[in-house]
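Reviewing the structure listed below.
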Amino acid sequence: MSDKRMSAEEAVGGIESGMTVGIGGWGSRRKPMALVRALLRTDVRDLTVVSYGGPDVGLLAAAGKVRKLVTAFATLDSIPLEPHFRAARERADFELVELDEAMFLWGLTAAVHRLPFLPIRAGLGSDVMTVNPGLRTVVSPYEDGEELVAVPALRLDVALVHLNRADAQGNGQYLGPDPYFDDLFCEAAEQAYLSCERVVPAAEFLAAAGPQSLLVGRHAVTGVIETPHGAHFTSCAPDYGRDEAFQQAYAKAAADPAAWQAFTRRFLAGDEDTYQAAVAAYAKEGTE
């Protein structure tokens, strides 16, 4: 079996302008932020981003890299609305495709099974059918004749996800309370890149948790990136929680152009090692 380990730069190096990129995690939880930061350092633009949105969406929107966003929400959890997402929407910077959370799930599932759509009940009778006029309904061909929403497949060129542990071949393990839908993102994509807190031998998986914690299979993974604290400032339970102080600083800076420029110079101008060192220095300032 091949060793799929690579750097974050190598992982995002294959992403081209105009591609559809799915980003795992949920809100401000277990986002592949190191990979997002690596993507920020490229010249790629005009992306279609598919995400249960959090600061991944915010950062890419602030950098002007999003042409279309497919999402059910964009939140920082403890801060209800992602501030860069809000500002970008107010400026009409990108096209927004709004889906119900269940529609999003079944759109990924349809892509995994290489189906054009899946019929579901979620969304019927709600305003999502109005704000997303591209949605269609179908009638069951059986005796019930029920009308259902035909949720289109969310096919991805590339998926970026972050898990607690992975082996060199691309098997991924989550240790927190929720798998989210990272496995579906990977299987819905032509290429999938899995960042993790630590690369371990496969034998260590069962020592850490049961077999049900093995979420992503190597067949669906193109590359593995070991990046400790790679989900920062989002949470990656149980390895670490969300950095609420840093998230507050991020949101505050987003509200003022000059403050955002200073934030960008301090935290986003360099590589991942520079970012992590700047975060550590910021945390130390808060304790002095």
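Read-outs: derived from the displayed coordinates by stated rules, not from any lab. The structure displayed is predicted, hence computed values, not measured ones. In this analysis, Cβ positions are derived from the backbone assuming ideal geometry, glycine residues included, and neighbour counts consider all displayed protein chains.
If you run the Gaussian network model on the chain, springs between alpha carbon atoms under 10 Å, then out of G14, G24, G123 the most flexible one is G14.
Calculate, for Y282 and D46, the FRET efficiency according to 1/(1 + (r/R0)^6) with r their C-beta to C-beta distance and R0 25 Å; round to the nearest 0.05. The calculated FRET efficiency here is 0.15. For the stretch 1-73, the list of trypsin sites (Lys or Arg not before Pro) that fall in a loop by DSSP and count at most 15 other C-beta atoms within 10 angstrom reads R45. Each principal axis of the stretch 244-287 carries a Cα extent, and these read 25, 24, 13 Å when sorted largest first.
Between the beta carbons of E190 and E146, assuming R0 = 30 Å, the FRET efficiency works out to 0.35 to the nearest 0.05.
Kindly identify the chain as rounded, prolate or oblate by the Cα gyration tensor criterion: order the square roots of the eigenvalues as a ≥ b ≥ c, call it rounded if a/c is under 1.5, otherwise compare a/b with b/c, prolate if a/b is larger, else oblate.
Taking the square roots of the gyration eigenvalues as a ≥ b ≥ c, the chain is oblate.
Taking springs between alpha-carbon atoms closer than 10 angstrom, which of L215, L35, L206 fluctuates most in the Gaussian network model of the chain? Largest GNM mean-square fluctuation: L206. Toward the positive end of the charge dipole of the chain, with +1 on the Cβ of Lys and Arg and -1 on the Cβ of Asp and Glu, the farthest Cα among Y180, L60, Q212 is that of L60.
Remark on R5: its backbone amide H falls under 5 Å from those of V224, a criterion applied only to residues 5 or more positions apart or on other chains, H modelled at 1.01 Å from N.
Listed values for the stretch 264-271 are Karplus-derived 3J(HN,Hα) couplings in whole Hz (6.51 cos²θ - 1.76 cosθ + 1.60, θ = phi - 60°), namely 4, 4, 6, 10, 10, 7, x, 7, and x replaces Gly and Pro. In the chain, the DSSP-assigned H stretches of four residues or longer account for a calculated mean residue ellipticity at 222 nm of -8500 deg cm²/dmol, using -39500 (n - 2.57) per stretch and the full residue count as denominator. Computed from backbone phi with θ = phi - 60° and the Karplus coefficients 6.51, -1.76 and 1.60, the 3J(HN,Hα) list for the stretch 54-61 is x, x, 4, 5, x, 5, 5, 5 Hz; x is used for glycine and proline. As a calculated quantity, the FRET efficiency between V138 and R89 at R0 = 35 Å, using C-beta atoms, amounts to about 0.70.
Here the Karplus relation 6.51 cos²θ - 1.76 cosθ + 1.60, evaluated at θ = phi - 60°, turns the backbone of the stretch 211-217 into coupling constants of x, 5, 7, 7, 9, 10, x Hz, with x for every Gly and Pro.
A Gaussian network model of the chain, with springs between Cα atoms under 10 Å, assigns the largest mean-square fluctuation among E147, E82, E16 to E147.
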